[in-house]
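A short worksheet on the structure shown next.
The values are calculated or read from the model by the stated rules, or taken from the named source; none is laboratory data. Only a predicted model underlies this, so the values are computations on that prediction, with no experimental measurement involved. Glycine gets a Cβ as well: all are built from the backbone with ideal geometry, and neighbour counts include every protein chain shown.
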Amino acid sequence: MKEIVIATKNEHKIIEMKKMLEPLGYKVLTLFDFDEFPEIIEDGKTFKANAFKKAKELSDYLNKIVLADDSGLEVIALNNEPGVYSARYAGDTRNYEKNNELLLKNLKGKSDRSARFVTSMCLYHPNNDPVFFEDYLYGEISEKHAGSNGFGYDPIFYVPELNKNLAEISLEEKNKISHRGKCLLKLINHLKSK
Ligand code: IMP
């Protein structure tokens with residue numbers, strides 16, 4: 001059976017990725033299967049660099065095919081911040097509420113509130129060139145929180161086509177339009193074409 005290791009311990013991502021990869025005949029392993037592997041420092045300047053670093057380090061260690069992803073939010077009026085610092089924008093504690101508060105504070109008085117979510121993925125094969133995928137979800141940072149679904153910046157991310165914030169829609173609906181959902185689909189289409 002073909003094996004693929006996904007470089008994450010995030011339960012949400014594991015469920016989502018297994019659901020799409022297992023029907024293609026892959027046995028999906030995760031970082032939980034390799035507990036001894038040390039934490040990877042995400043110090044890249046781009047999402048792509050972080051995805052590549054995670055995939056390469058784990059693949060070099062295991063000699064297996066690895067899929068890694070990195071994602072975050074870019075706000076135009078803030079020079080694309082928080083970017084690769086999205087998880088720890090307001091400090092090292094990875095506190096979603098504090099991140100959202102800081103973002104709203106930093107955007108106060110700015111007329112351009114446009115933003116996008118980015119997901120970068122790297123598929124790293126021990127003997128082949130790495131393959132990269134990227135996708136986006138465009139929207140605006142709203143003035144106020146709305147909804148209680150999702151995570152991270154979802155309550156303050158407004159999607160014009162839906163006239164809703166991301167935290168107001170179901171996970172199924174979100175997966176159809178989200179940066180991560182669309183990126184995963186690109187990866188799946190690539191694997192299917194092999
Ligand atoms: P990760 O690298 O995919 O774990 O994401 C890093 C950070 O980006 C998360 O901690 C969130 O703050 C933010 N982020 C990424 N994707 C989303 C999303 O779909 N909704 C809200 N926030 C997100």
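Taken over the range 37-59, the criterion of being of a type in the set (D, E, K, R), more than 24 Å from G139 (Cα to Cα) and in contact (Cβ under 8 Å) with a residue 12 or more places away in the chain is satisfied by E42, K53, K54, K56, E57.
Among residues that are within 16 Å of the ligand (Cβ to nearest atom), basic (K, R) and more than 25 Å from E172 (Cα to Cα), K54 is included. Applying a threshold of 7 Å to beta carbon distances and a minimum spacing of six or more residues, or different chains, the list of pairs starting in the range 12-35 at a residue that is on the phi > 0 side of the Ramachandran plot and ending at one that is modelled with pLDDT under 95 and among the hydrophobic types (A, V, I, L, M, F, W, C) reads G25/M1. If I ask for residues that are surrounded by fewer than 17 Cβ atoms within 10 Å (Cβ to Cβ) and either within 18 Å of S120 (Cβ to Cβ) or more than 21 Å from the chain's Cα centre (by Cα) (or both), which ones from the range 17-31 would you list? Passing the criteria: P23, L24, G25, K27. Against the numbered list (1) more than 27 Å from A7 (Cβ to Cβ); (2) of a type outside the set (V, I, T); (3) without any contact (Cβ under 8 Å) to a residue 12 or more places away in the chain, D129 comes up short only at (1).
Assess whether S148 counts as being at pLDDT 95 or above and either out of contact with any helix residue (DSSP H, G or I) (no Cβ under 7 Å at 6 or more places or on another chain) or part of a strand (DSSP E or B) (or both).
Values: at pLDDT 95 or above: yes; either out of contact with any helix residue (DSSP H, G or I) (no Cβ under 7 Å at 6 or more places or on another chain) or part of a strand (DSSP E or B) (or both): no.
Criteria not met by S148.
Restrict the check to the range 147-161 and report whether at least one residue is within 20 Å of K19 (Cβ to Cβ) and surrounded by fewer than 18 Cβ atoms within 10 Å (Cβ to Cβ). Within the range 147-161 (the criterion being within 20 Å of K19 (Cβ to Cβ) and surrounded by fewer than 18 Cβ atoms within 10 Å (Cβ to Cβ)), the answer is yes, since at least one residue qualifies.
Across the range 67-83, the number of residues qualifying as within 16 Å of A7 (Cβ to Cβ) and in contact with a Lys or Arg (Cβ under 8 Å, 6 or more places away or on another chain) comes to 4. Taken over the range 61-84, the criterion of being out of contact with any helix residue (DSSP H, G or I) (no Cβ under 6 Å at 6 or more places or on another chain), touching a residue at least 60 places away in the same chain (Cβ under 8 Å) and either more than 22 Å from L29 (Cα to Cα) or away from the ligand (no atom under 16 Å from the Cβ) (or both) is satisfied by N63, K64, I65, V75. Selection of the range 132-175 for residues being free of Cβ contacts under 8 Å to residues at least 40 places away in the same chain, under 25 Å from N95 (Cβ atoms) and of a type in the set (A, V, I, L, M, F, W, C) yields A146, V159, L166, A167, I169, L171. When the range 34-50 is filtered for residues that are of a type in the set (G, A, S) and either more than 12 Å from the ligand (Cβ to nearest atom) or over 16 Å from the mean Cα position of the chain (by Cα) (or both), only A49 remains. For F132, state whether it is within 12 Å of the ligand (Cβ to nearest atom), modelled with pLDDT of 95 or more and either not polar (S, T, N, Q) or not in a loop (DSSP other than H, G, I, E, B) (or both). Against the criterion (within 12 Å of the ligand (Cβ to nearest atom), modelled with pLDDT of 95 or more and either not polar (S, T, N, Q) or not in a loop (DSSP other than H, G, I, E, B) (or both)), F132 does not qualify.
When the range 87-114 is limited to residues that are more than 17 Å from H145 (Cβ to Cβ) and within 12 Å of the ligand (Cβ to nearest atom), the one that is surrounded by the most Cβ atoms within 10 Å (Cβ to Cβ) turns out to be A87.
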